[in-house]
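Asks: This is the structure I want to talk about, given as structure tokens.
The values are calculated or read from the model by the stated rules, or taken from the named source; none is laboratory data. Predicted, not measured: the structure shown is a model, and the values here were computed from it. All Cβ positions, glycine included, derive from the backbone under ideal geometry; neighbour counts span all protein chains shown.
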Ligand code: SF4
Ligand code: SF4
């Protein structure tokens with residue numbers, strides 16, 4: 001056990017729940033499975049019972065927390081302000097201590113997260129190996145032989161060219177007058193699978209007059225480790241970032257999942273320095289909307305639906321800025337999307353761990369997006385981009401990150 005009984009840090013958060021049930025309609029797993037133990041209210045009650053020592057065998061309740069997407073729609077719906085994210089993270093960490101998963105797949109996942117994702121150089125090697133498998137046809141062969149499940153294969157990103165995977169490090173001044181100076185958080189998988197988006201984010205900030213620093217010692221934000229119950233490792237990764245960005249006034253992120261994790265470092269590390277770091281983090285759209293664009297985006301004459309990443313709208317409360325920026329793009333037709341804040345089923349590595357449920361939720365999302373009649377879907381999180389792309393494949397609809405349509409003509 002991490003700590004004793006009701007002294008567990010998440011216990012206090014469970015007490016805020018008054019069992020009103022107003023979060024139930026917002027919860028995708030409750031909507032799909034119709035079971036109270038798959039709802040926020042049910043999970044909070046289980047967490048509380050665990051903390052009070054009324055559940056001796058943690059393994060009995062672990063599956064309910066495994067099936068939670070961590071989408072935080074329940075937080076937005078909760079009138080009592082329950083910080084469900086802390087209940088979930090704390091409970092997962094506690095279960096990881098009391099009843100660690102023992103299967104080969106679980107061990108492999110933990111090893112991959114701790115020994116590859118958390119270590120930038122090894123992650124680069126892993127993507128280099130994946131790229132080689134792709135170029136030599138090994139990846140296709142493995143898929144044909146059924147060694148990689150079809151759904152997993154559809155979700156795995158194509159490996160970008162090597163020059164887009166090289167570490168992006170240095171100081172990048174704007175072409176003209178400097179309006180300010182920011183530091184860019186480049187992430188782990190984001191840098192390897194979506195290096196092009198990092199480079200476009202850098203170009204967008206420069207084009208809008210910002211000097212951009214990309215510091216060397218930054219690394220994975222730790223969100224995936226936290227979701228996996230690896231609390232101590234998540235804390236070490238967080239501390240590394242707090243130290244790496246010590247001199248930065250503003251830390252800009254372009255991945256909603258990372259941004260939500262970075263902004264919660266104050267809680268995770270429990271230090272004033274970490275809380276100060278968290279207060280300096282901004283999503284790229286939030287930052288640019290605050291500052292105002294000085295470079296007009298290139299024309300984008302398309303019908304577009306903006307889909308909110310859960311960790312941006314529910315996790316960081318950022319809803320208006322991406323839409324406000326997109327409305328400035330010449331020729332764009334931004335259409336309403338009534339289910340924009342509903343989870344797409346990506347949720348970190350959830351779509352790999354709970355493929356059936358993630359697939360059902362992803363299919364619902366794809367149906368809602370198709371109904372908008374949009375040609376392009378825009379969303380600011382790598383996991384959401386992969387999941388929505390996989391579920392819209394064959395429809396001709398494109399899925400882009402906001403920075404890709406905010407660049408000026410020369411960007
Ligand atoms: S985080 Fe999402 S899936 Fe989990 S309980 Fe809350 S609404 Fe449901
Ligand atoms: S809305 Fe908030 S207080 Fe009501 S049941 Fe859900 S978590 Fe508890």
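Asks: When residue 51 is evaluated against the numbered criteria (1) within 13 Å of ligand 1 (Cβ to nearest atom); (2) over 23 Å from residue 308 (Cβ atoms); (3) free of Cβ contacts under 8 Å to residues at least 60 places away in the same chain, which criterion, by number, is the only one it fails?
Replies: (1)
Asks: If you don't mind, another one. Could you go through region 77-99 and let me know if any residue there is more than 26 Å from residue 312 (Cα to Cα), at pLDDT below 75 and more than 16 Å from ligand 2 (Cβ to nearest atom).
Replies: Yes, there is a match, as at least one residue in region 77-99 is more than 26 Å from residue 312 (Cα to Cα), at pLDDT below 75 and more than 16 Å from ligand 2 (Cβ to nearest atom).
Asks: Pick out, from region 1-94, the helices (runs of 4 or more DSSP H) lying fully within it that include 3 or more residues that are over 17 Å from residue 347 (Cα atoms).
Replies: Fully inside region 1-94 and qualifying: 11-15, 40-51, 59-66.
Asks: For region 79-88, what are the residues that are touching a helix residue (DSSP H, G or I) at 6+ places or on another chain (Cβ under 9 Å) and surrounded by fewer than 21 Cβ atoms within 10 Å (Cβ to Cβ)?
Replies: Answer for region 79-88, where residues must be touching a helix residue (DSSP H, G or I) at 6+ places or on another chain (Cβ under 9 Å) and surrounded by fewer than 21 Cβ atoms within 10 Å (Cβ to Cβ): 81, 83, 86.
Asks: Here's something else I'd like to know. Under the condition of being farther than 22 Å from residue 317 by Cα and under 21 Å from the mean Cα position of the chain (by Cα), which residue from region 54-76 is farthest from ligand 1 (Cβ to nearest atom)?
Replies: Among residues in region 54-76 that are farther than 22 Å from residue 317 by Cα and under 21 Å from the mean Cα position of the chain (by Cα), the one farthest from ligand 1 (Cβ to nearest atom) is 66.
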